[in-house]
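Written below as C-alpha cells is the structure these notes are about.
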C-alpha cells in the first residue's frame, strides 16, 4: 500500500496549492481560488473563487490554463478557466490584482452551447472566528446602507440580501468587499458545516437551473480593501456550553440490508463497541415489516447494543399520519424488535427547501409527533432531520413534544479538498450551540456524521465517485478508509465534546461509510473503538489548535494530528490514546 493510499484511501494526491505573497498580503492559490487572504498575518477573507454548480448543486471542477503573472507595481495574475457540462461549456478569464491596500478579482466569461447551471459566478467567504456576531454594514444596489450583524447563532435564511458592498471590522482592520456584475446575497454556511459566511451571486429566489445560451457573456468583479480600524470589534457574546459535560454514547447506522449480513455486523459491532445501533427504516422505499424484521432477527443474535429506530414516514395522503404510524408500530410489535427510542421524520423533509421555494405537502409536525406519541407511547421520541442542520434550522420540530432533537452532518457539501474538510471542525461548535437552542432543553443527538454523504438533500442523487477522488456530495469518500478518516473523526469528537450531546453517530457498520475494508478493520474502526469506551466519561478538555485535536476524557487522553505532516510525536493524520481512555485496539 502506498503512503498516499494509507493516508487518504486513494493514490490521488491532494490538490496542489501555491503560496503567494505581495508586500503585507499573503494567500494561497488553489484550483483557481484565492484562499486564506491575510494582511500582516491576519486572515481577512477565507476565500474568493469563481464557482460553477450543476443542476444537483454539485461543484464543477474547472480545467485551468497556464497562469500568467506580472509584478510591475501591483501583482497581477491571470488564470484561464474552463467549465464543461453535458450540454455546453463556459470559458472564463480570471484576473487578480493585488496592491498594498486591497485586491481585485474580475471574471469575463463566454458560454458555448446551452450551458446549464444552478450558479456561475463569484463567491466570497468570510471566516467565522472573530466575525460571527460582529457588526456589519451593507450597501445595497440602490445606494442605501443597512446596519446589522453577522449572525451569532446560525441564521436559517440569508442574513443579508442585495449586497453591492459589505463592510465589517475584524482583526483590527476595517474590511470592505464590493461586488459588481450580478445581484449578490449572503448565506450562513455554518449550517452545512463550512467555517464561513458566503456571499454569492444570483439570488436563490430566482429559478434554477438556468441556461447561459450560445455566446452569452458574463462579467463580474470583487474588490476587497482594508485599512486600520478606528475601534476594535468586541468579542462575541457566546452562551457558555453546558457545565460538566460527559462524552456521548456512540451509535452506528445500520440499514435492513446490512442487518441481514449478521455475521459481518456482529464482528464489526463487537470490535468497535458502540452503545447503540441506529436502525434506518424507510417507509417510502418499501414495506416497513420486512425492514423491521431484519433488525429483529439481528437483535436475536446481537442483543448488547440499544436499537434506536430512525423511521422515515411516507405521509403521502394514502393514510393519515395516525394510521401510518400505528401500522409501523404494529410492525415493530409483530417482529418482536425491542427499541430504545424512535425518531420520526417525514420523507419529504429529507430534501431541502431553499429560500424562495414552496414547501412540499406534509402534515404539520405537531400532528406528526402527536401521532408518534400515540403509536410509541413508552419510548423516548425524537424529531428533527435525517438530513442536515440547514433542514432542521429551517423547519424546526415542536421540541416541547419530544425527548430529543437530531440532525446529520456532512463536511463535503460545498468543498471536498482536505483543507476544507478539516476546516469544517471550526463550524461544529457553532452548529452544536444552535442545535441546542432549537432543542430548548431537550436531548441532543447528532448523526450520521461521516465524510461521505448518505443522501443528497440538495439534488436528485449523491454525486458518483468512481475514481475515488475528493468529490463534493459523494456517497463514497476514500478518505474515510485512510488515516485521514480516523483523524477527522477524532477531531469531530473533540469539537462536539463540550456540548453534551447524548448520542453521536460517526459511521455506519458496513458499506462505504462503515468500519471494514478488504484488509480488515479500517483506521476509523480503531479510533471509534477507543472513543466508544469513553462514553459517559467527564470531558476535562476538548481543544483543536495548531492542527492538533486534544480530548481529555476521564482518566485518559486521545490526540489526533489533523495535518499531512508529522507533529507532536504523531505521524501525518496519526492519533494516539494515553491512560485509561477506552480501548485502542
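What follows draws every value from the coordinates through simple rules; no lab data is involved. Quantities reported herein were computed from a predicted structural model and do not represent experimental measurements. Here Cβ is always computed from backbone atoms with ideal geometry, including for glycine, and neighbour counts include all displayed protein chains.
Structure notes:
- Stokes-Einstein diffusion for segment 389-494 at 4 °C, viscosity 1.567 mPa s, with a Kirkwood radius from C-alpha pairs, works out to 88 µm²/s.
- Gain upon complete extension [residue 89, residue 338; 0.36 nm per residue less C-alpha separation]: 84.1 nm
- Cα pair count fraction exceeding 37 Å, expressed as % - segment 249-580: 13
- Placing a pseudo-label 7 Å from each Cα along the Cα-to-Cβ vector at residue 141 and residue 56 gives an inter-label distance of 3.2 nm.
- Using alpha carbons only: equivalent-ellipsoid semi-axes of segment 323-366, gyration tensor based, whole Å: 29, 11, 8
- Cα-based helix-to-principal-axis angle, 418-439 vs the chain, degrees rounded to 10: 60
- Rough spin-label spacing in nm, given labels placed 7 Å along Cα→Cβ, for residue 69 and residue 223: 2.6
- The distance from the alpha carbon centre of segment 413-468 to that of segment 68-96 is 31 Å, rounded to a whole number.
- Pairwise centroid distance, computed over Cα atoms, of segment 544-573 with segment 260-339, Å: 37
- Look at the Cα gyration tensor of the chain: its axes a ≥ b ≥ c give a/c of at least 1.5 with a/b over b/c, and that counts as prolate.
- By the compact-protein rule of thumb, 2.2 N^0.38 Å, the alpha-carbon radius of gyration of segment 18-228 corresponds to a ratio of 1.00.
- Compared with the direct C-alpha span, the chain from residue 437 to residue 15 gains 148.1 nm at full extension, assuming 0.36 nm per residue.
- Each part gets one Cα centre, and for segment 111-160 versus segment 169-230 those centres are 5 Å apart.
- Packing around the peptides 425-437, 564-576, 334-346, taken as the average count of other Cβ atoms within 10 Å per residue, puts them in this order, highest first: 425-437, 334-346, 564-576.
- For 300, 420, order by how many other beta-carbon atoms lie within 10 Å, fewest first: 300, 420
- Ascending count of other beta-carbon atoms within 10 Å, so fewest first, for 359, 208, 504, 238: 359, 238, 208, 504
- Cβ crowding within 10 Å ranks 169, 183 as 183, 169, fewest other Cβ atoms first.
- For segment 173-271, the Kirkwood estimate of hydrodynamic radius, built from reciprocal distances between every pair of different alpha carbons, is 20.4 Å.
- The slack between residue 318 and residue 270, meaning 0.36 nm per residue of separation minus the straight C-alpha distance, is 13.2 nm.
- Counting only the Cα atoms, segment 22-62 fills a convex hull of 62 Å³ per residue.
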